[in-house]
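K.L.:
Below is the structure I would like to discuss, written out as structure tokens.
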Amino acid sequence: MALVGSIAPYLLFSWGEQHVASSLAGVLNATTPLLTLLLVMATRSERASMARVSGISLGFIGVVVLAAPWQSSAAGGSIAGMGACLLAATCYAAGYVYARHFLAGRGLPPLVLAAGQLTIGAFVLGLAAPVVARSAATFTPNVVASVLVLGVLSTGAAYVLNYRLIQDEGATAASMANYLTPIVAVALGALILGEPVTWNLFVGATLVLLGVTVAEGRLSSGRPLRPSRIESRLDRAARAPGRH
């Protein structure tokens, strides 16, 4: 998990974002739920229904629109940079499936799982840094503050919540938290970095998200959404005798 869920995707995104706009990297990261569905189906954990096949096909079209191979400068990115970001999203998807199959059922608290993954990842990177680093690290106050904020909040706290979602709802449902990534990435890229917002970002992101929605069967006519576990527990508690 340290390699697939932390080291590999972070390195790939770090390299990829040197060649693509941050907004495009965020949208490509949103393919994680789609890739998670593919891996779940490949491992035969779920049935390959027509809805899921249709959703995966629609999502693939969305990825093609995002990459815009007919226009090399589309969305401010290169094919190699887009490929690195997609590979990073694939690593995230593999991590979701692996965690669901081999870690979530062991009875370990999410805090322990997250701490173990990040500690091992930091140890491995510490060993590799003297070999792969191109220059010495400069620990200025801004650098230290950025590392702490990204490490504790954006990574540490996020992984604790992530493992809890995987335990409660499964790999595919947990991966859907990535739906927010393109919205935040495009907004911050445009507002802070002044990055261009092109039509294919909106169309591609919409197709990807719609593909996952279709694959999950949430657009089926006459099929009510399954209540969440919290709603089910509240409903059972309300109907229980002696609790009114």
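The values are calculated or read from the model by the stated rules, or taken from the named source; none is laboratory data. Computed from a predicted model, the values in this text were never measured in an experiment. With ideal geometry, Cβ positions are generated from the backbone for all residues, glycine too; neighbour counts draw on all protein chains shown.
K.L.:
Pairs please, first residue from the stretch 108-122 and over 17 Å from residue 9 (Cβ atoms), second anywhere and among the polar types (S, T, N, Q), Cβ atoms under 7 Å, 6+ apart in sequence or on different chains.
P.N.:
110/167
K.L.:
Checking residue 125 against (1) surrounded by 12 or more Cβ atoms within 10 Å (Cβ to Cβ); (2) under 21 Å from the mean Cα position of the chain (by Cα), only one condition comes out false. Which one?
P.N.:
The failed condition is (2).
K.L.:
Which of the numbered conditions does residue 195 fail, given that it passes all the others? Conditions: (1) part of a helix (DSSP H, G or I); (2) surrounded by 15 or more Cβ atoms within 10 Å (Cβ to Cβ).
P.N.:
Here residue 195 meets the rest and fails (1).
K.L.:
What tally of residues in the stretch 137-178 results from selecting those that are farther than 22 Å from residue 1 by Cα, at pLDDT below 80 and in a helix (DSSP H, G or I)?
P.N.:
Residues that pass the stated criteria total 0.
Okay, residues lined up against (1) in a helix (DSSP H, G or I); (2) modelled with pLDDT of 85 or more; (3) more than 22 Å from residue 118 (Cβ to Cβ):
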| residue | (1), (2), (3) |
| --- | --- |
| 7 | yes, yes, no |
| 14 | yes, yes, no |
| 41 | yes, no, yes |
| 47 | no, no, yes |
